[in-house]
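The structure appears right after this line, and notes come after that.
The values are calculated or read from the model by the stated rules, or taken from the named source; none is laboratory data. Here the structure is a predicted model, which means the values were calculated and not measured. Cβ: placed from backbone, ideal geometry, glycine included. Neighbour counts: every protein chain shown. Please note that ligands, DNA and RNA were not included when accessible areas were found on the heavy atoms of the full protein model with its side chains. Shrake-Rupley method; radii C 1.70, N 1.55, O 1.52, S 1.80 Å.
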Amino acid sequence: MTSRVLTVGFDLDMTLIDSRPGIHACYQALSVRTGTYIDADLAITRLGPPLADELVNWFPAEQVEAVADVYREMYPTHAIAPTPAMAGAREAIAAVREAGGRAIVVTAKYEPNAKLHLSHLGIEPDAVIGGLWAEGKAEALREYDAGIYVGDHTGDVRGARTAGALSVAVATGPCDADELRQAGADVVLSDLLEFPAWLATYRGAPL
């Protein structure tokens, strides 16, 4: 029997990248462009869910799809350059590779913009799959046979569990450690700096 290839999925916003500065700037620019007030300070405290879930707080439901298109168009200009990698992001990807595995990114973010972030930061996963949220992430996790999914939101925990993957949560986003545990995370780390040591320990267990 051949052993299963180690495949680890990672969320993007607030897991691999600190997207708050860029998204804040993009919301401010969107507010100017549309003439609609958006509390960017508030919006960046609840990153994770799809863009439409946030826009519906500021725009009539029938306008959300069109405004989302405008936001995505503006995003590369305003959001890529200000956005840094999270502490430990590069080391986490490297740890997977050093273990002979592959690292994929599964995110709710618009896929072309997700790829722009990673390219700008010099982070090169084996695949990037965008436009998937919560349980929907299981689609990509199953397709790539990911045994582990790392994220910062309770939606990421649900995605991992739906896919039958181990849920590794990092308390670097809007959900604290207790909330992530209560959602069913199998492992909760403070941040990705703890991931390589955890992975080295975990590798002895069956995937």
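The criterion of at least 2 residues that are free of Cβ contacts under 8 Å to residues at least 60 places away in the same chain and within 27 Å of residue 28 (Cβ to Cβ) is met by the following helices (runs of 4 or more DSSP H) wholly inside the stretch 61-132: 61-79, 111-121. Scanning the stretch 155-207 for residues that are open to solvent by less than 30 Å² (accessible area, probe 1.4 Å), assigned to a helix (DSSP H, G or I) and more than 18 Å from residue 14 (Cβ to Cβ) turns up 163, 199. Just to verify a result, which residue in the stretch 68-100, among those that are open to solvent by 80 Å² or more (accessible area, probe 1.4 Å) and more than 18 Å from the chain's Cα centre (by Cα), is nearest to residue 112 (Cα to Cα)? In this case the residue turns out to be 73. Condition check for residue 6 on (1) under 18 Å from residue 108 (Cβ atoms); (2) surrounded by 15 or more Cβ atoms within 10 Å (Cβ to Cβ): one failure, at (1).
For the stretch 45-53, the count of residues that are surrounded by fewer than 18 Cβ atoms within 10 Å (Cβ to Cβ), farther than 20 Å from residue 105 by Cβ and either touching a residue at least 60 places away in the same chain (Cβ under 8 Å) or touching a Phe, Trp or Tyr at 6+ places or on another chain (Cβ under 8 Å) (or both) is nonzero.
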